[in-house]
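Undergrad: Below: one structure in structure tokens.
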């Protein structure tokens, strides 16, 4: 077994304490544990006898499994591809044809026609059989995937959307990572295909399907809390054991699936070493409709999975310091932040240089929560914030800061080939559209729980 360490990894003085993961955790090491960690840090093989420690570190997101090049490659004939298809024009038909042809080599390609208004094109995948299932009524992507899952007779099932561009070698690379991870599901990084339009450039920099460039264990409330089912390679029995996708959900069904897998003890991973491409939205109204749809799934996800979908998850001292700053009490904000640092330092006395480490973690946590609060204001709480801003100059300043500062920082970090003015405007519209979806669902279902933050005691550091 070989592993890479997460970017959060810190081991003060190369000693017997490791600080890493998401959320950030501190691990005390025995003498045997130090030897295991030495091997991990140096890139050497780790003995199977260290499984318990390694499994804890992997589950915490502190380390990530690496494939063993000496092992035989997975057999593509153990994988069935399931493609939910809704063909409405020549472009979508052409994309579907290219995708099916690109998956030649798998056991079977199952295309589920979800009551498309246009006829499906002639589909062929070389030597791979192509089976087409036609649904009489449109049930959405979850129902279509379940129809394909019923026809799957292989140990692995690949769910792949019809507007994705991927090749058989990328799928087999993903299968290699799945075997190395001992996981039940794994997703690649989904990038947006290039294009000359401002919209394509924006989505390339900030697509909701792109989970970033860092591998992760996927779990609600962590850095990578979900993965989309645009491309998702799964153990067939594992997906069946939890009942497949929820067919009542038109959006968010992939988030729900991953969280139910995690609750059942089935590990899901994100691996950006494998990249596939996804077609961007065709127009700005199409992007807005998509984001509204995503927002509408939050009330159902909140009822089923609780605080995992809360707009903000943080401790009360951290939130309190930001609120104090927002209402013009910087001294109170500093004292509250210092208080949370002191509480953390008391818990980390066993860490070498615990005062410095506590200060670093406290600062990092406050920055993380600050960005999350700003995101909550501009995505979920903006109707409330807008009403308050009509009567308060300070609220207007806070709302403008929440909308502009993180967006400008995001542009600076990603440096898209798009001027900051248009990028910031698109991001504000993107976030506001998601909030419209949340409020539509809240009003329709008379369930405001999705609007509520999750505030806990000063015991957990986010990361």
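Each reported figure results from applying straightforward, stated rules to the coordinates on display, with no laboratory input. Owing to the predicted nature of the structure, the values given are computational and were not obtained by experimental measurement. Please note: Cβ atoms are built from the backbone with ideal geometry, for glycine as well, and neighbour counts cover all protein chains shown.
Undergrad: Equivalent ellipsoid semi-axes for the stretch 243-374, as square roots of 5 times the alpha carbon gyration tensor eigenvalues: give them largest first, rounded to whole Å. Spell out each step's value before the answer.
TA: Numbers: eigenvalues 265, 87, 51 Å².
Whole-Å semi-axes of the equivalent ellipsoid: 36, 21, 16.
Undergrad: State the Cα centre-to-centre distance between the stretch 72-146 and the stretch 287-318 in whole Å.
TA: Rounded to whole Å, the Cα centres lie 31 Å apart.
Undergrad: Below 8 Å between Cα atoms, with a sequence gap of 6+, how large is the relative contact order for the chain in percent? Present the calculation step by step, with values, prior to reporting the outcome.
TA: On the way: 859 pairs, mean separation 68.5, N = 463.
Reported relative contact order: 15 percent.
Undergrad: Could you list 366, 456 in order of exposure, starting from the residue whose Cβ has the fewest other Cβ atoms within 10 Å?
TA: The fewest-first ordering by Cβ neighbours comes to 456, 366.
Undergrad: Sticking with this structure for a sec: Students often check this: by mean Cβ neighbours within 10 Å, which of 266-273, 250-257 ranks highest, and how do the rest follow? Please report the intermediate quantities before stating the final value.
TA: Numbers: 266-273: 21.1, 250-257: 23.0.
Order by mean packing, descending: 250-257, 266-273.
Undergrad: Moving on to the next point. Can you tell me what the convex hull of the Cα atoms of the stretch 134-222 projects to on average, as an area in nm²?
TA: Values: hull surface 33.2 nm².
Projected over every direction and averaged, the Cα hull of the stretch 134-222 covers 8.3 nm².
Undergrad: Using only the Cα atoms of the stretch 109-156, build the gyration tensor, take square roots of its eigenvalues as a ≥ b ≥ c, and label the shape rounded, prolate or oblate: rounded if a/c is under 1.5, else prolate if a/b is larger than b/c, else oblate.
TA: Cα axes put the stretch 109-156 in the oblate bin.
Undergrad: Sum -39500 (n - 2.57) across every DSSP H segment of at least 4 residues in the chain, then divide by the residue count to get the 222 nm mean residue ellipticity, nearest 500.
TA: Values: 16 runs with 216 residues, N = 463.
Rounded to the nearest 500, the figure is -15000 deg cm²/dmol.
Undergrad: How big is D, in µm² s⁻¹, for the stretch 2-66 by Stokes-Einstein at 4 °C and 1.567 mPa s if Rh is the Kirkwood radius over C-alpha pairs?
TA: On the way: Rh = 11.4 Å.
My calculation gives 113 µm²/s for D.
Undergrad: While we're on this one: For 234, 166, 88, what ranking results if the residue with the fewest other Cβ atoms within 10 Å of its Cβ goes first?
TA: Details: 234 29, 166 24, 88 10.
In increasing order of surrounding Cβ atoms, one gets 88, 166, 234.
Undergrad: What does the C-alpha gyration tensor say about the overall shape of the stretch 2-136? Classify as rounded when a/c is under 1.5, otherwise prolate if a/b is larger than b/c, or oblate.
TA: On the way: a/c = 4.21, a/b = 2.70, b/c = 1.56.
Here the stretch 2-136 falls in the prolate category.
Undergrad: Please compute the Cα-Cα pair-distance distribution of the stretch 189-290 with 10 Å bins starting at 0, giving whole percents from short to long.
TA: Values per bin, smallest distances first: 14, 42, 32, 10, 1.
Undergrad: Here's something else I'd like to know. Could you tell me which of rounded, prolate or oblate describes the chain, using a ≥ b ≥ c as the square roots of the eigenvalues of the alpha-carbon gyration tensor, with rounded for a/c under 1.5 and, failing that, prolate when a/b is larger than b/c and oblate otherwise? Intermediate values should be presented prior to the final figure.
TA: On the way: a/c = 2.03, a/b = 1.21, b/c = 1.67.
Oblate, because a/c is 1.5 or more while a/b does not exceed b/c.
Undergrad: Okay, next question. Please state, to two decimals, what the Cα-based radius of gyration of the stretch 76-282 comes to when divided by 2.2 N^0.38 Å (N = residues).
TA: Numbers: Rg = 15.8 Å, N = 207, 2.2 N^0.38 = 16.7 Å.
The reported ratio for this selection is 0.95.
Undergrad: Would you order 202, 294 from fewest to most other beta-carbon atoms within 10 Å of each residue's own beta-carbon? Don't jump to the answer; show the numbers that get you there.
TA: On the way: 202 25, 294 16.
So the residues, fewest neighbours to most, are 294, 202.
Undergrad: Something else about it: Could you state the principal axis extents of the C-alpha atoms in the stretch 313-456, from the largest down, to the nearest angstrom?
TA: Ordered largest first, the stretch 313-456 gives principal extents of 49, 42, 29 Å.
Undergrad: Take the alpha-carbon centre of the stretch 321-376, take the same for the stretch 200-252, and report the distance between them in whole Å.
TA: Their Cα centres are 31 Å away from one another.
Undergrad: Restricting the count to DSSP beta bridges whose residues both fall in the chain, what percent are antiparallel, rounded to a multiple of 5? Mind showing how you got there, number by number?
TA: On the way: 21 of 47 bridges.
The antiparallel proportion sits near 45 percent.
Undergrad: Starting from the eigenvalues of the Cα gyration tensor, five times each then square-rooted, give me the equivalent ellipsoid semi-axes of the stretch 385-463, largest first, whole Å.
TA: Numbers: eigenvalues 129, 71, 54 Å².
They are 25, 19, 16 Å, listed largest first.
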